Every structure is written in C-alpha cells, then in structure tokens.
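The values are calculated or read from the model by the stated rules, or taken from the named source; none is laboratory data. None of these values were measured; they are calculated from a predicted model. When we count neighbours, we look across all protein chains shown, and the Cβ atoms used for this are built from the backbone with ideal geometry, even at glycine. The accessibility values were calculated without ligands, DNA or RNA, using every heavy atom of the protein model including side chains. Shrake-Rupley method; radii C 1.70, N 1.55, O 1.52, S 1.80 Å.
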Amino acid sequence: MTGTDWPLWEVFVRSRRGLSHTHAGSLHAPDAHMALRNARDLFTRRSEGVSLWVVPAGEITASSPDEKDPFFEPAGDKPYRHPTFYEVPEGVQNL
Amino acid sequence: MASATSPPREREAGSGAGPARAGAPPEKSEQEFQADFDAAVAADERIEPRDWMPDAYRATLVRQIAQHAHSEIIGMQPEANWITRAPSLRRKAILMAKVQDEAGHGLYLYGAAETLGADREELLDKLHSGRQKYSSIFNYPTLTWADVGAIGWLVDGAAITNQVPLCRCSYGPYARAMVRVCKEESFHQRQGYELLLALSRGTPAQRAMAQDAVDRWWWPSLMMFGPPDEASSHSARSMAWKIKRHSNDELRQRFVDICVPQAESLGLTLPDPELTWNAERGHWDFGPIDWQEFQEILKGNGPCNAQRLEQRRRAHDDGAWVREAAAAHAAKQRSRPVEPPAHQERQPAGAHTAAPRAARSGDR
C-alpha cells in the first residue's frame, strides 16, 4: 500500500483561542489520528495553532465556484438587509 | 473560503470538465468561461481550484508547482549531508529544523499541485524517473561546513527573491503556500548569513573556507533565476497569466543589488571582477553568466545529478516499511472496538471516531 491509497484530509488550524479554525492545506494519511499528527508536524511547527481539525476531503460538499451562480442570487436583490439602505434625517444620532 | 477550495475539486479538476452540475444554469460557452477567467486575472483576483481555467494554464501550473516541490525535497540533501558534522549542538538543531522545513515546503507544494488534479504518487514517479526536473542548484556538492552558510544566504536568498512575488500569483493555493514558505524561509537565510559571519570573523582558515564557499555558490545562485529573458520560452505567457510577476533578469538584478552590500558587511568578496555600481541605471552591473554550465546541469551532467536522484529513490524505497506500517496500523485501529488513543485520552471515550467531533471536544 502506498501514499496514493491514503485518503486526502483537509486541515483547519485555530491559531488562538477566540478565533475560528481556518483552512491551512491538505495532506494524505491512512486514518484520522495519523492525519492529526501529520497536520501537527506540517502546519504547526512554529506553534501556529492551539487546535486542529482534519476532515476527510471527500466528505466536504462545496457550492459552485461561479460567483454569478443563481445559488447566491436570492441575496442579490435585497439591499434592505443592509443598514445603509435606510435614510436617516440629518442630525439624528446614535442610530 | 474553505468550502470553495475543497475536495470536490479533486474529481472535477481532473476531469477538465466545466462547472456543469445538478441545478446549474445552462452551460456557458468556452468563450464565456475564457472571458470570465481573463477578467478575473486582469482584476488581480485569484483563480481557485474549482474555477474554470484554460488547459494550458493548468498544465503550466502543475509543471511549475511540481518542479518547485521536487526542488524542496531534493534540496534537503545537500544540507542534510552536514547534520552529523555540525560544529555545535546549536548549529545542529538549527540545521535539522531547516531541513525539516524544506520537507514541509515540499508537502505544501505537492498539496497545491493536487488541487489542480495532479496525483502525488505520479508526481513522485516523474521525479524519480527524471521526467520532471528540480532546481539545478541542488546538483552542486556541499564540500565544506561553510557551504551550509552559503546555501542559506545565497541559495535561500535567491529563492526568497523568486518566491516573494509568487505570494501574489494568480492561482490561490500556490499563492497561499508561498506565503507560508516565505515566512519560514527568512530564518533559513539569516542562519546562513550568521554562520558565514562567524566564519568570516574566525581564524584565517575559517575565513578562507567561507570565501571559498561564496566563490563556488555565487554564480549557480544567479542561475537560479533561469535563462535570460530573451531565451526564456514560457516567461511571457506566465506573466500574462500573472503566475509570474517579474522577469528572470529583473529578479536576478534585484538579487545582485541586495547581495553586494550584504557581502561587504560579511567581509567577503563576490567572485565577479566586473561587479560595478552603475549610477545611471541605479543598479550593480555584473559579468556574464556561464549558461553553457547551466544547460549541462539541466541535461543531467552536473556534479551531483545522479547522486541526488539515486539518494531520493533509495530514501523512498527505504521508507516503504513506514508507509506499510502506517496503513497496517490504520487497518488494525478500524477493526478494533472504539477506544480513545493514547494521545487524545483527555477526551471523552468515543470522541475520536470522527475527526471533527474529536477536534471540537478538544476545543473546550
């Protein structure tokens, strides 16, 4: 058995408490535990993280990359969801 | 965003098919995809793995990233050669960390190549069989301890000059890998400079050793930027695609300008009698590069080509048992009843069955 048979894992690193995990890259490993250890050696050699996630790459479902995709369109015509949509009379404070 | 760069890319990227999928709008034409791609590149946006891209763009990136990855991996050898003979524990620890970094850089880069649909095992095969190249610089031998310093200062210095603009490369995963690599690389350069400085201020013999190393590594370092612009076949296209941001000669000049004052501070000389300040250009003029030597090394006739490849193949073969053991261990773990592994024992039993869950419980 060689490297190609090993699944691909996506690695997410939390750089410090209070921040979310961020995608750092990917690696191959035969199982989740070895993926975690490899991720530690590969992505946190300089204490870049306090927590790691490894996710089987095949388990991630992604949306279409095309920004003009109708998938995101419903939000496109709803500017009233932003505060800047509204007119506030001159001089009104704290609004 | 993670969700946009992730794994479905693996299957789709390789197929070369457009982004047609369930629920997608009517297929765009090739021209429309090309127009979107051109617009994104023109606007300095990043191309991400699942975006449509021209086949030649994909092929160029795979070739370049693979060659870059191979260079990192082969680049471990000349310096690893000195680990056992490092003159102090401090120098030894530094050198080991550096060589380990090079392995890490190779892995970041192989990972980036895979986002384009390349297969890692295949890339390694191509390296081992000589079908893909690595940087010619690593085909020179490391004859003395001072070579470790010269490599850090000059070879890593040249690599940084090359790689900093790659942090803004149009292909997202490559650019992000380069950000990480450049951050780590700056220690490599400094440790080399410090090492040479120590030798330069040492005994006459140490000083001579440092000068000899610089004499031997200077010209090959200048060759690292590749052939002169007029002879560089892919440069113009790569620059149009914003994979490359500066021409070979531009980067080479930048490197020379950086090195001249650094050499002076080291108290060492660069082996080029034609090196002179050109006030008109605002740059250092330098002598002609021996491109014949460069071509010979590319052809495989450098002093260490055969040795580097042979050692790489041997390391890969000798490591087979580790890969087999890891696979066997994973298979054994899968067949066992659920039980927390030793390194996660602070977590609730069973939490390790799924990685994200284990990770989350570890966050608290």
Using a simple charge model, +1 on the beta-carbon of Lys and Arg, -1 on the beta-carbon of Asp and Glu, nothing else, what dipole does the protein assembly as shown show about its Cα centre, in debye to the nearest 20? 1880 debye
Within the stretch B:121-145, backbone nitrogen closer than 20 Å to the virtual label 7 Å beyond the Cα of B:GLU293 toward Cβ: B:134-145
Would you mind working out the magnitude of the charge dipole of chain B relative to its Cα centre, with +1 at each Lys and Arg C-beta and -1 at each Asp and Glu C-beta, to the nearest 20 Debye? 1520 debye
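If you count, for every residue in B:319-329, the Cβ atoms of partner chains within 10 Å of its Cβ, what is the mean?
Values: counts 1, 2, 0, 0, 6, 2, 1, 8, 8, 2, 4.
Other-chain Cβ atoms within 10 Å of each residue's Cβ, averaged: 3.
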Charge dipole of chain B about the Cα centre (unit charges at C-beta), most positive-ward option of B:SER29, B:ALA331, B:GLY106: B:ALA331
Applying the Karplus parametrisation 6.51 cos²θ - 1.76 cosθ + 1.60 with θ = phi - 60° to the phi angles of the stretch A:52-62, what ³J(HN,Hα) value in whole Hz is obtained for each residue in order, glycine and proline being reported as x? 10, 10, 10, 10, x, 4, x, 8, 8, 9, 10
Given the -39500 (n - 2.57) contribution per DSSP H run of 4+ residues, what per-residue ellipticity at 222 nm results for the protein assembly as shown, rounded to the nearest 500 deg cm²/dmol? -16000 deg cm²/dmol
Expected integer from the mean partner chain Cβ neighbour count at 10 Å over A:50-63 is 6
Kirkwood Rh and Cα Rg combined as Rg/Rh, the stretch B:120-204: 1.08
Expressed in square angstrom to the nearest 10, the accessible area of B:ASP212 with a 1.4 Å probe stands at 60 Å²
Leaving ligands, DNA and RNA out of it, rank B:CYS167, B:CYS259 by accessible area with a 1.4 Å probe, largest first. B:CYS167, B:CYS259
Can you compute the FRET efficiency between B:GLU250 and B:ARG63 using 1/(1 + (r/R0)^6), with r the Cβ-Cβ distance and R0 = 25 Å? Round to the nearest 0.05. 0.70
Could you sort B:HIS105, B:HIS316, B:HIS234, A:HIS82 by their accessible area in this structure, using a 1.4 Å probe and putting the largest first? A:HIS82, B:HIS234, B:HIS316, B:HIS105
Roughly speaking, what is the stretch gain from B:ASN301 to B:GLU121, that is 0.36 nm per residue apart minus the C-alpha to C-alpha distance, in nm to one decimal? 62.2 nm
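By how many nm would the segment from A:SER15 to A:ASP41 lengthen if fully extended, with 0.36 nm per residue of separation less the alpha-carbon distance?
Value of the extension gain: 7.9 nm.
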Residues whose built amide H sits under 5 Å from the amide H of A:SER51, excluding neighbours closer than 5 in sequence, are A:ARG14
Roughly what would the spin-label model give for B:ALA56 and B:ASP317, points 7 Å off Cα along C-beta, in nm? 4.1 nm
Enumerate the amide H contacts of B:TYR171 below 5 Å, restricted to partners 5 or more residues apart or on another chain; note that Pro and chain-start residues carry no placed amide H. B:ILE47
Please list, by residue number, everything in the stretch B:152-191 whose backbone N is under 13 Å from a paramagnetic label point 7 Å out along Cα→Cβ of B:GLN262. B:152-164, B:185-191
Using alpha carbons only, what's the Rg to Rh ratio of chain B with Rh from Kirkwood? 1.02
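Residues with beta-carbon under 9 Å from that of B:PRO228, excluding B:PRO228: net charge, scoring Lys, Arg +1 and Asp, Glu -1?
That sum, taken over residues with Cβ under 9 Å, equals -2.
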Of B:LYS183/B:LYS242; B:LYS92/B:LYS299; B:LYS126/B:LYS299, which sit over 25 Å apart, Cα to Cα? B:LYS92/B:LYS299
Which distance in nm do the two modelled labels at B:GLN206 and A:TYR86 give, with both placed 7 Å along the Cα-to-Cβ direction? 7.2 nm
Convert each backbone phi in the stretch B:201-212 into a coupling constant with the Karplus relation 6.51 cos²θ - 1.76 cosθ + 1.60 (shift: θ = phi - 60°), then list the ³J(HN,Hα) values in order as whole Hz, x for Gly and Pro. 8, x, 5, x, 5, 5, 4, 5, 5, 5, 5, 4
Quick one: if you stick a label point 7 Å off each Cα along the C-beta vector at A:ASP77 and B:ASP215, how many nm between them? 7.8 nm
For the stretch B:229-258, list residues with backbone N below 16 Å from a point placed 7 Å from the Cα of B:ASN278 toward its Cβ? B:229-230, B:247-258
Out of the stretch B:134-204, which GluC sites (Glu not before Pro) are coil in DSSP terms and have no more than 11 other C-beta atoms within 10 Å? none
Over all distinct Cα pairs, what is the inverse of the mean 1/r for the protein assembly as shown, reported as the Kirkwood hydrodynamic radius in Å? 24.7 Å
Just how large is the dipole of the stretch B:219-348 about the Cα centre, in debye to the nearest 20, putting +1 at every Lys and Arg Cβ and -1 at every Asp and Glu Cβ? 1160 debye
